[in-house]
Amino acid sequence: MWHMVVDPIGNLFLSALMAAVPIMFLFWALAFRRMKGHWAALIAVVIAFAISSIGYGMPTKYALLSVINGCLFGLFPVCWIVITALLIFNMSVKTGQFEVIKNSLASISDDRRMQALLIAFSFGAFLEGAAGFGTPVAITAAMLIGLGFNPLYAAGLCLLANTAPVAFGAIGIPIIVGASVSGVNEMALSQLVGRTLPFLSLLVPLYLTILMAGWKKGLEVWPACLVSGASFATVQFLSSNYLGPLLPDILSSIASIICTVLFLRYWHPKDIWRFPGEPLSQGKARLLYTGGQVFRAWAPFIILSLFVVTWGIKPVNQALNQVFNLFMQSIGFKGQVFTITGLDQMVIDDLGRPKQAVFNLNILSATGTSILLAWLFCIPVMGASVGTALSVAYNTIRQLKWPIFTISMIFGFAYIMNFSGMATTLGYALAKTGLLFPFFAAFLGWLGVFMTGSDT
């Protein structure tokens, strides 16, 4: 066994500075050097590997297995969600159904600010509440890209919009886990978050529009932002305080979608805002399709939502895990959870506790599997042939080969930071800031999300 050393240099500040080197490299490589993501991630892993082995004295075997453990988690369930989410979107584009969706949205509003409110904020919050773990950003960003948004810009907007619902994401998992590990009553924690987060939720729609269009053009649509944010925040407050942490996102997002769509039937921005370089809009587009055609185009995303919500129900999730465990046992395995032999229980953290290293191959209960099944159901709904479906699947995997590599490397990097003690060093260093800790606590939270890929 190897015992983690939190302060290898003997000076916590210098140790933290050393631990921060791989993260600082990543920021420099991506933001200033504009390096390709996969190369930046790979080099960051190499730097973290070297520091963990030389600076922290971590055995090479454990460092290597930590990276492998992280890469596996990056591939499943994270990349599994991204791949399956894009399958549905790409199929919608291939069959021409997304053109119907675009027209139906344009008939509500051709204004890019309103489209961001409806898709990135409201619909994204629904997917966050139902699934979480990257699903909402993957799907809503793809939809915005299809509408003509710049890809990186769309991803950024969806990530920012996700700040409002993420605390209650995946049927309240962050609150449930937070209450479990802290010993705080689950309902009390739900109420605490539900009395502070709605203020942010109220402001996020306006913040998004200002970020997109600037102060003047952003403030032009404050009535729609108020309706979208206030309806969401009100239901979020009521449900989190009186019903608990399971349903705030789903109920709030449905309220926001309904209220915003109804409001836009009677109010619309005086000037339609589009991105620089786009052709000027002539106002709301005329709906070119029948109600049945519009419903058919949106049906894949309705089916997706139903599958994701069903998979998020705890008894359903548990039943699927039980079925798959029985299957795995029937073919000679202990179950769906595999220990990383040679690493599990072999690293002792700073509190004297052995760190677990396991890989959960929960294929049936994974959110990505629910999306895959939704995609299979959608093939006849979209009017696609089997050949078209296979072609879309092949091209989607080709399209994502480098993102898949990048994501797996980032998680490999995160895991070696955790298992070597570098992340713990940074946490202790921030905790030493005394009266300034409430300020630095936010940075610690961001670091935790970056290291694990989850708000939980």
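Every number in this text was worked out from the coordinates using simple rules, so none of it is lab data. Please read these numbers as outputs of a predicted model, since none were measured by experiment. Every residue, glycine as well, gets a Cβ built from its backbone with ideal geometry; the counts of neighbours run over all protein chains shown.
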TODO: Fewest Cβ neighbours within 10 Å first, please rank ARG112, ARG353 accordingly.
DONE: ARG353, ARG112
Open item on the list: Please report the projected area of the range 131-232's Cα convex hull averaged over all directions, in nm².
Closed with: 7.2 nm²
Task: Amide H partners (placed H, <5 Å) of VAL358, local residues excluded - done: ILE340
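So for each of 119-128, 207-216, 92-101 I average, over its residues, the number of other beta carbons within 10 Å; can you give me the resulting order with the highest mean first?
The most tightly packed comes first, giving 119-128, 92-101, 207-216.
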Task: Two-site FRET efficiency, LEU226 against THR196, from Cβ-Cβ distance with R₀ of 25 Å, rounded to 0.05 - done: 0.80
Open item on the list: Using a 7 Å offset from the Cα along the Cα-to-Cβ direction at both ILE397 and ALA442, what is the distance between the two label points in nm, to one decimal?
Closed with: 4.3 nm
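Report the FRET efficiency, 1/(1 + (r/R0)^6), for ASN185 and TYR266, where r is their Cβ-Cβ distance and R0 is 45 Å, rounded to 0.05. Numbers along the way, then the final one.
Numbers: r = 43 Å, r/R0 = 0.96.
Between ASN185 and TYR266 the formula returns 0.55.
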Task: Residue order, fewest to most beta carbons within 10 Å, for LYS61, LYS102 - done: LYS61, LYS102
TODO: Could you state the angle between the C-alpha long axis of helix 12-27 and the longest principal axis of the C-alpha atoms of the chain, as a value from 0 to 90 degrees rounded to the nearest 10?
DONE: 40 degrees
Open item on the list: Using just the Cα positions, wrap the chain in a convex hull and report its mean projected area in square nanometres, one decimal place.
Closed with: 23.6 nm²
Task: Cα Rg, Dmax, the range 102-178, angstrom units - done: 12.7, 42
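What shape does the range 211-317 take by its C-alpha gyration tensor, where a ≥ b ≥ c are the square roots of the eigenvalues and a/c under 1.5 counts as rounded, a/b above b/c as prolate, and the rest as oblate?
oblate
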TODO: Rounded to whole Å and sorted largest first, list the principal axis extents of the Cα atoms in the range 110-283.
DONE: 55, 29, 24
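If we count other beta carbons within 10 Å of each Cβ, what is the order of VAL294, VAL235, fewest first?
VAL294, VAL235
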Open item on the list: As an exercise, find the ratio Rg/Rh for the range 1-154 from alpha-carbon atoms, using the Kirkwood inverse-distance average for Rh.
Closed with: 1.12
Open item on the list: What is the angle, in °, between the Cα long axis of helix 367-381 and the longest principal axis of the Cα atoms in the chain? Nearest 10 is fine, range 0 to 90.
Closed with: 30 degrees
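For the range 318-456, what is the per residue volume of the convex hull drawn over the alpha-carbon atoms, in cubic angstrom? Show your work: numbers first, answer last.
Details: hull volume 25.8 nm³, N = 139.
It comes to 186 Å³ per residue, whole-number rounded.
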Task: Convex hull (Cα only) mean projected area of the range 318-388, reported in nm² to one decimal - done: 7.9 nm²
